[in-house]
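Worksheet: the structure to be examined is printed underneath.
The values are calculated or read from the model by the stated rules, or taken from the named source; none is laboratory data. It should be emphasised that the depicted structure is a prediction, and the values quoted were computed from it without experimental measurement. A quick note on method: Cβ atoms are made from the backbone with ideal geometry, for glycine too, and the neighbour counts reach across all protein chains shown.
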Amino acid sequence: MTTINAEKMSVLQVRELLNYQLEPKDIYFADLLSLEPLAELETEEIKQIKNDFQEYLLTEKVTEGLVKALTTFPLMRLAGFYRHPLKMSLEQNIAEIVIEDEETTISGRFDILAVNKGEEIAPENPFWTLIIETKNSWVAPRAGLPQLLTYAYNNLQHQKAVWGLVTNGELYQFVYLRSGEPFTYQLMPTISFIETEGSILLLQVLKAICQLQRS
């Protein structure tokens with residue numbers, strides 16, 4: 001039995017081993033989410049988060065840990081992910097995925113996961129709301145896509161859909177993953193956090209995903 005770490009896999013490998021298919025239909029956030037205007041205080045807070053991050057970008061490569069500390073965690077707090085019924089988990093190993101036909105086992109460790117404690121499928125299968133894979137500021141966000149697809153695989157066998165997000169702090173790309181035969185994923189338009197309109201849209205999307213769990 002061969003063991004592969006998801007971090008070392010390509011998108012093509014993941015698609016072939018786990019039977020994923022890219023859904024090519026052009027969709028936008030408004031097709032899946034209800035985006036609401038931000039309050040003035042939220043706009044000011046997101047501006048401060050952006051300014052703090054840009055200060056680091058000017059002088060150094062921002063590591064994965066700093067990307068999370070400077071942008072991802074503050075944004076998720078502002079969007080409401082720290083409040084009941086949602087609960088955050090950090091850097092935990094996934095249940096190993098065994099592909100018997102290929103005599104292959106896939107392992108990995110996700111970065112950030114938000115689960116809905118009020119909608120558990122079973123104690124061993126919490127309802128996943130949003131899974132996030134971060135990269136350092138010099139790496140394209142899409143480099144985290146193989147890990148994202150892999151980590152969502154087991155839970156997509158128990159729930160209809162889950163949102164994913166890959167980011168390097170500057171660029172954010174949401175991924176909408178759905179169960180079925182085969183599993184499908186759709187890549188949403190990339191959002192630039194550095195641009196004013198992009199930073200506002202980013203928080204709107206995060207808030208909308210969060211709100212889905214409270215409706």
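Condition check: loosely packed, with under 14 Cβ neighbours inside 10 Å, assigned to a strand (DSSP E or B) and at negative phi. Does Thr3 satisfy that?
yes
Here's a check for you: in the stretch 152-164, which residue that is part of a loop (DSSP other than H, G, I, E, B) and polar (S, T, N, Q) is modelled with the lowest pLDDT?
Residue satisfying both the conditions and the ranking: Asn154.
For the structure I just gave you, tell me whether Ile200 is more than 13 Å from the chain's Cα centre (by Cα) and under 27 Å from Thr63 (Cα atoms).
yes
Take the stretch 169-187 and flag every residue that is within 24 Å of Pro24 (Cα to Cα) and not in a strand (DSSP E or B).
Once the filter is applied, which keeps residues that are within 24 Å of Pro24 (Cα to Cα) and not in a strand (DSSP E or B), the stretch 169-187 yields Ser179, Gly180, Glu181, Pro182.
Looking at (1) closer than 17 Å to Ile132 by Cα; (2) modelled with pLDDT under 90; (3) of a type outside the set (D, E, K, R); (4) touching a Ser or Thr at 6+ places or on another chain (Cβ under 6 Å), find the lone condition where Thr2 falls short.
(1)
Would a scan of the stretch 23-37 turn up a residue that is assigned to a loop (DSSP other than H, G, I, E, B) and of a type in the set (Gly, Ala, Ser)?
yes
Yes or no, residue by residue, for (1) surrounded by fewer than 19 Cβ atoms within 10 Å (Cβ to Cβ); (2) among the hydrophobic types (A, V, I, L, M, F, W, C); (3) part of a loop (DSSP other than H, G, I, E, B):
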{"residue": "Val166", "(1), (2), (3)": "no, yes, no"}
{"residue": "Pro189", "(1), (2), (3)": "yes, no, yes"}
{"residue": "Leu202", "(1), (2), (3)": "no, yes, no"}
{"residue": "Ala208", "(1), (2), (3)": "yes, yes, no"}
{"residue": "Gln211", "(1), (2), (3)": "yes, no, no"}
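Could you grab me the full set of residues in the stretch 191-200 that are out of contact with any helix residue (DSSP H, G or I) (no Cβ under 7 Å at 6 or more places or on another chain) and not in a helix (DSSP H, G or I)?
Glu195
For Glu64, all conditions in the list (1) closer than 24 Å to Met188 by Cβ; (2) of a type outside the set (Lys, Arg); (3) out of contact with any helix residue (DSSP H, G or I) (no Cβ under 9 Å at 6 or more places or on another chain); (4) loosely packed, with under 11 Cβ neighbours inside 10 Å hold save one; what is the number of the exception?
(4)
So, of the residues in the stretch 9-22 that are at pLDDT 90 or above and assigned to a loop (DSSP other than H, G, I, E, B), which turns out to be surrounded by the most Cβ atoms within 10 Å (Cβ to Cβ)?
Asn19
Out of Glu44, Glu60, which single residue is more than 16 Å from Tyr151 (Cβ to Cβ), free of Cβ contacts under 8 Å to residues at least 12 places away in the same chain, of a type outside the set (A, V, I, L, M, F, W, C) and in a helix (DSSP H, G or I)?
Testing whether each residue is more than 16 Å from Tyr151 (Cβ to Cβ), free of Cβ contacts under 8 Å to residues at least 12 places away in the same chain, of a type outside the set (A, V, I, L, M, F, W, C) and in a helix (DSSP H, G or I) leaves just Glu44.
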